[in-house]
Amino acid sequence: MKIDVVTIFPGMFTGAFAEGMVARAREAGLCGLAVHDLRQWAEGRHQVTDDYAFGGGPGMVMKPEPFFRAVGELKVPGGRVILMSPQGRPFRQALAAELAAAPQLVLLCGRYEGVDERVRLGLCDDEISIGDYVLTGGELPAMVVIDAVVRLLPGVLAEGSAEGDSFATGLLEGPQYTRPREFAGMAVPEVLISGDHGAVARWRRREALRRTLAMRPELLASAPLTAEDRKILAELGQEPVI
Ligand code: 9D3
């Protein structure tokens, strides 16, 4: 997988991917990441990438030509060109998994009031939003997409780690504990110290169901649930949520 980012603020990506899992994946040759300054494809001495909106109104619109030249140069066969945009498809774990199968992602980041519509119509395979809040540009969303996709690439995580992901199971994850056994007056639940692996697994499942019911009940509608899960949920529905 090769990821190419096109942005007028390439420096924003430096710190984000200088350390951590994406940096290690790059060092191990598991993915390539190149961040490109859109201005290199802009024209004139001032390398202008934006202009006034036709029809008037406040704010600037990003010009189409630099994006078309960038993609013309960067895209490889089978590559997916994605516009980061507040109007895009909501980014979820399933979309991250779909993107992880592509040979290349070209992520286009907008700024100002947006990007000329011809970029969306004539250049992009997808348009992605990371959620319903207003940011100042597509750079942070592109970093979010890169982080979520790169950890799914073969060899980046320990074998099997991605399968247990919350959202891959359709449920939130339950509580985790490490040493010490007692801290700030709070003890680690006895079952986790019992050595009874079956009891631990049942407890973890119950806690995952409890949390999902409390925090994200809408996830339960599409989570794959067993008859036993449904029984537990019925019981939890009676319990006061702490
Ligand atoms: C004036 C109307 N705004 C549209 C909602 C304009 C506008 C606001 C913010 C245009 C671009 C932006 C910058 N945001 C992004 O480029 C962006 C984004 C976001 O703001 N939220 C969630 N996901 C994304 S992906 C790209």
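Matching residues to (1) in a loop (DSSP other than H, G, I, E, B); (2) closer than 26 Å to S85 by Cα; (3) aliphatic (A, V, I, L, M):
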| position | (1), (2), (3) |
| --- | --- |
| T136 | yes, yes, no |
| A148 | no, yes, yes |
| G155 | yes, no, no |
| A158 | yes, no, yes |
| A168 | yes, yes, yes |
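Tell me, yes or no, whether region 85-99 has at least one residue that is in contact (Cβ under 8 Å) with a residue 24 or more places away in the chain, within 17 Å of H36 (Cα to Cα) and of a type outside the set (D, E, K, R).
Checked region 85-99: no residue is in contact (Cβ under 8 Å) with a residue 24 or more places away in the chain, within 17 Å of H36 (Cα to Cα) and of a type outside the set (D, E, K, R).
Do we have R179 as more than 9 Å from the ligand (Cβ to nearest atom), more than 16 Å from the chain's Cα centre (by Cα) and assigned to a helix (DSSP H, G or I) here? I'd like the intermediate steps shown before the answer.
Details: more than 9 Å from the ligand (Cβ to nearest atom): yes; more than 16 Å from the chain's Cα centre (by Cα): yes; assigned to a helix (DSSP H, G or I): no.
So R179 fails the test.
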What number of residues in region 227-242 are under 25 Å from Y177 (Cβ atoms), of a type outside the set (D, E) and modelled with pLDDT of 95 or more? 3
When (1) out of contact with any strand residue (DSSP E or B) (no Cβ under 6 Å at 6 or more places or on another chain); (2) surrounded by 22 or more Cβ atoms within 10 Å (Cβ to Cβ) are applied to L83, the one that fails is (1)
Every pair of residues 6+ apart whose Cβ atoms lie under 7 Å, when the first sits in region 34-57 and is farther than 28 Å from M143 by Cβ while the second is modelled with pLDDT of 95 or more and surrounded by 12 or more Cβ atoms within 10 Å (Cβ to Cβ): Y52/M60
Has region 62-71 got any residue that is within 23 Å of the chain's Cα centre (by Cα) and not aromatic (F, W, Y)? yes
Using beta carbons and a limit of 9 Å, which pairs, at least six apart or on different chains, have the first residue in region 141-162 and within 21 Å of A18 (Cβ to Cβ) and the second one among the basic types (K, R)? V150/R26; V156/R24; L157/R151
Quick check on this structure: which one of A158, A101 is at pLDDT 95 or above and more than 21 Å from M12 (Cβ to Cβ)? A101
Could you list, in sequence order, the residues of region 1-47 that are touching a helix residue (DSSP H, G or I) at 6+ places or on another chain (Cβ under 9 Å) and assigned to a helix (DSSP H, G or I)? M12, F13, A16, M21, V22, A25, R26, L38, R39, Q40, W41
Here's a check for you: in region 110-132, which residue that is of a type outside the set (G, A, S) and within 15 Å of the chain's Cα centre (by Cα) is nearest to the ligand (Cβ to nearest atom)? I130
Here is a check on your reading of the model: is T212 without any contact (Cβ under 8 Å) to a residue 60 or more places away in the chain, at negative phi and not in a helix (DSSP H, G or I)? no
Picking from G72, G32, G56, G88, which residue would you name as being crowded, with 18+ Cβ neighbours inside 10 Å and either assigned by TED's automatic domain parsing to the domain that holds E139 or on the phi > 0 side of the Ramachandran plot (or both)? G88
If you scan region 53-104, which residues turn out to be within 16 Å of the ligand (Cβ to nearest atom) and assigned to a loop (DSSP other than H, G, I, E, B)? A53, F54, G55, G56, G57, P58, G59, K63, F91, R92
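The values are calculated or read from the model by the stated rules, or taken from the named source; none is laboratory data. If you're wondering where the values come from, they're calculated on a predicted model, not measured in any experiment. Because the Cβ atoms are built from the backbone with ideal geometry, glycine has one as well, and the counts that use them run over all protein chains shown.
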